[in-house]
Amino acid sequence: MGRLMGIDYGSKRTGIAVTDPLKIIAQPLQTVDTAVLHIFLSDYLKTETIEAFVVGMPTNLKGQDTHATQPVKQFIEALKNAYPNIPVFTIDERFTSSEAQNALINSGLGKQKRSEKGLLDSMAASIILQTYMQSIS
């Protein structure tokens, strides 16, 4: 049994989340420097089976592309080329950062810990993945 991997792609940092092997719970894994994301994915896939990637697609409130949409589309194409046997799904990522911030506040983490941008990115990836899982259940 493989996992699903959620990806909150960013120009500097990329948040990564994964499910448990039974695909019941999405949880933040880590945040990776985008410049070395391909190395992280390659290394991760040597030890874990991923059944699908779920990538957050940035859109504005009207559902239109933003300045961040094209780089994400390019990343998705590179992901499909690098791992042609692993399907890639997209999910609207509107509001995931604010949802992630609220989740961190509600978790009881201190203000200094919550201000770590990397933690926010991996939590946003977890929300992207959880949203996808709810949409297919």
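The values are calculated or read from the model by the stated rules, or taken from the named source; none is laboratory data. Computed from a prediction, not measured in an experiment: that's the story for all the values here. In this analysis, Cβ positions are derived from the backbone assuming ideal geometry, glycine residues included, and neighbour counts consider all displayed protein chains. Note: accessible area is taken over every heavy atom of the protein model, side chains too, but ligands, DNA and RNA are not part of it. Shrake-Rupley method; radii C 1.70, N 1.55, O 1.52, S 1.80 Å.
Figures for the structure shown
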item	result
Residue 23 more than 14 Å from the chain's Cα centre (by Cα) and surrounded by 14 or more Cβ atoms within 10 Å (Cβ to Cβ)	yes
Residue match in the range 75-82 (condition: among the charged types (D, E, K, R), at pLDDT 95 or above and either surrounded by 12 or more Cβ atoms within 10 Å (Cβ to Cβ) or not in a helix (DSSP H, G or I) (or both))	yes
Pair list, Cβ < 8 Å and 6+ apart or interchain, from the range 51-69 residues that are at pLDDT below 90 to residues that are part of a strand (DSSP E or B) and not acidic (Asp, Glu)	65/59; 66/59; 69/57; 69/59
Those strands (runs of 3 or more DSSP E) lying entirely in the range 1-63 with at least 2 residues closer than 17 Å to residue 126 by Cα and among the small types (Gly, Ala, Ser)	13-19, 50-57
Criterion violated by residue 32 - all others in (1) over 20 Å from residue 87 (Cα atoms); (2) open to solvent by 20 Å² or more (accessible area, probe 1.4 Å); (3) modelled with pLDDT of 95 or more; (4) in contact with a strand residue (DSSP E or B) (Cβ under 7 Å, 6 or more places away or on another chain) satisfied	(2)
The range 19-48 residues that are over 12 Å from residue 7 (Cβ atoms) and among the hydrophobic types (A, V, I, L, M, F, W, C), paired with ones that are open to solvent by 70 Å² or more (accessible area, probe 1.4 Å) and not in a helix (DSSP H, G or I) (beta carbon under 7 Å, 6 or more apart)	22/1
